[in-house]
2 protein chains.
Amino acid sequence: METQLSNADADSLQRLLNLSLGAKENTAKIVNGSRSANSTNPQYQPLDIEFVEKILNYKFKDKSLLLQAFTDATFDENCVSYERLEFLGDTVLNMVITKYLYNRYGDCSPGLLTNLRAVNVDTEKLARVAVKHNLHRCLRHKKPLLEDQILEFTKAMETYPLHSRGLLKVPKSLADIVESTIGALYTDCDSFETVWKVVMPLLEPIISLDKLENHPMTELHEMCQKKNLKLRFDDSTWEVDKRVLVFIEDKLVGRGHHLAKKDSAKNCAAKDALDNFSYFFTKI
Amino acid sequence: METQLSNADADSLQRLLNLSLGAKENTAKIVNGSRSANSTNPQYQPLDIEFVEKILNYKFKDKSLLLQAFTDATFDENCVSYERLEFLGDTVLNMVITKYLYNRYGDCSPGLLTNLRAVNVDTEKLARVAVKHNLHRCLRHKKPLLEDQILEFTKAMETYPLHSRGLLKVPKSLADIVESTIGALYTDCDSFETVWKVVMPLLEPIISLDKLENHPMTELHEMCQKKNLKLRFDDSTWEVDKRVLVFIEDKLVGRGHHLAKKDSAKNCAAKDALDNFSYFFTKI
């Protein structure tokens, strides 16, 4: 059986399980990778190690790392949560994608490389990775609203096949478990080559330079330039009302709203302006 | 001779030199690592490759990488500047220091690890590395004010032996060349182990957890808690005047000012409050 453990693995897993579940009777079920028959809600299910290993196409030497990677701090008072692995995994992911982009785009400026990296490893992109590959089903948590938020995000994703650029509400835990999984993987294999081999297929489609340029801000700028129209963003009141306005030829054509990031509010405003454009400028 | 080049190395270096200096006659001087006798100002001197290799205790296979690492975009219109190597080196540095801290502090929370990493790789820390190890003497640039700024920073460093936490004005180019050197090093050796072996001695003293906790904000918080005094930071007008105020028992005890970062303004205010404390609270 694929998920069978060595004695050492089983010992370390047992210790973690005792901590994180507070109930020895759950151990056999989890080690065997079976799911609870009494619940369809993933938050109450034990971790199916074999399921995760199949997604990753990688067998862990230390299975307890995986358990840690999928355990949110809310799951149990004494659990070992994914936070430290997430911290490590975030840096490992940054490293492997930086190397990839640096080599792939030999002439690209550091500014563009930074944007390109950001859009391939940001919260939304990683949350998409979690959902697309069903990793979200393994997250062990007790956050009361999270399952609904995940469902909402999963539906909304369909509207933006590649990336919404801050237009969607993203449950951060989804991105966290992708990072913690990468942290667990790196700890287990200690090889950036292996990490990249496992992670690259998960990140696909990796957003390339030509796709990067095709986002609302760029599209709006290009369109206005082509049609020789004066474009102006007004973000002067964002600190107060979290809104950004877009004016084309001094007509208010778009509004964007974002509580945390001015750039996201700008992106929303640009998208709104693109959607409204034909209404305001029918003859152009 | 230590800096002798292979034919392939010399070819690639020659191409870079032609681009970056626009004068073939400088080539021999630079490849031999000698300095210009007519100038004491580092910005006009060619790169002394042997000098840098001695600092790093590492011999480059591809010497042209080092030339790139120390060339600012202002140096020559057509030069290949350090910006791309800096982008790569920043991530490599983050990776090696993350791994080191993650393993050294097995029980440390991700929040503390993040702060600990930041203070060991931020602009000030890296600028200190450049000055301490004389890497700043190799920077090739034509920024009119930079040499004076470096001199000012070098003098001011003495006031804060370890780290000022945003109290000093730091010439960013100094940090840039440490990152670009790490980028060059990683490109040359393709080994994180080698990078860490070279970089760790440069970063020493690496700021440890106990040193991290001894900074103005923490010190002020701890002191007020011990003496049972009400402490309040007022950063409500930072967006307007870039100032943060500190009140202890509703007395204005400290002010901090920083144009770019609210946290640095807060640190300055905390330091000011600590300095002024005995004046306001003589009997405590």
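The three principal axes of the Cα atoms in segment A:66-150 give end-to-end lengths of 49, 25, 19 Å, sorted in falling order.
Computed with a 1.4 Å probe over protein heavy atoms only, the accessible area of A:Asp148 comes to about 100 Å².
Remark on segment B:216-280: Rg and Dmax equal 11.0, 33 Å (Cα only). Peptide B:87-98 has a mean shielding of 5, counted as Cβ atoms of other protein chains within 10 Å of each residue's Cβ.
Separation of segment B:141-190 from segment B:65-126 is 12 Å, based on Cα centroids.
Between copies, the label points at B:Asp263 (set 7 angstrom from Cα along Cα-to-Cβ) are spaced 1.7 nm, reported in nanometres from shortest to longest.
Applying a DSSP loop filter and a limit of 11 other Cβ atoms within 10 Å to the GluC sites (Glu not before Pro) in segment A:135-170 leaves A:Glu158. Averaging the sequence gap over all C-alpha pairs within less than 8 Å and six or more residues apart, then dividing by the number of residues, gives segment B:151-284 a relative contact order of 18 percent. For segment A:76-87, 3J(HN,Hα) computed residue by residue from phi via the Karplus equation (6.51, -1.76, 1.60; θ = phi - 60°) reads 7, 3, 9, 6, 8, 8, 7, 4, 5, 5, 5, 4 Hz, glycine and proline entered as x. Would you mind checking the pairs B:Lys125/B:Lys230; A:Lys63/B:Lys99; A:Lys142/B:Lys261; A:Lys172/B:Lys211 and listing those with alpha carbons more than 29 angstrom apart? Going by Cα-Cα distance, B:Lys125/B:Lys230; A:Lys142/B:Lys261; A:Lys172/B:Lys211 fall outside the 29 Å limit.
Applying D = kT/(6 pi eta Rh) to segment B:99-254, where Rh is the Kirkwood radius over alpha-carbon pairs, T corresponds to 37 °C and eta to 0.692 mPa s, the Stokes-Einstein value obtained is 181 µm²/s. Sorted from nearest, the other copies put their B:Lys169 label points 4.6 nm away, the label point being 7 Å from Cα in the direction of Cβ. On the rotation that sends chain A to chain B, the chain A Cβ lying closest to the axis gives residue and distance in whole Å as A:Met95, 2.
Given a 1.4 Å probe and the protein chains as shown, B:Lys155 ends up with an accessible area of around 140 Å². Pair-distance distribution P(r) for segment B:145-194, from all Cα-Cα distances in 10 Å bins starting at 0: 23, 37, 25, 15 percent.
Sorted from closest to farthest, the other copies place their B:Lys59 label points 4.4 nm away, with each point set 7 Å from Cα along Cα→Cβ.
The values are calculated or read from the model by the stated rules, or taken from the named source; none is laboratory data. What you see is a predicted model; the values in this text were computed from it and never measured. Every residue, glycine as well, gets a Cβ built from its backbone with ideal geometry; the counts of neighbours run over all protein chains shown. To get the accessible areas, we keep the full protein, side chains included, count just its heavy atoms, and leave off ligands, DNA and RNA. Shrake-Rupley method; radii C 1.70, N 1.55, O 1.52, S 1.80 Å.
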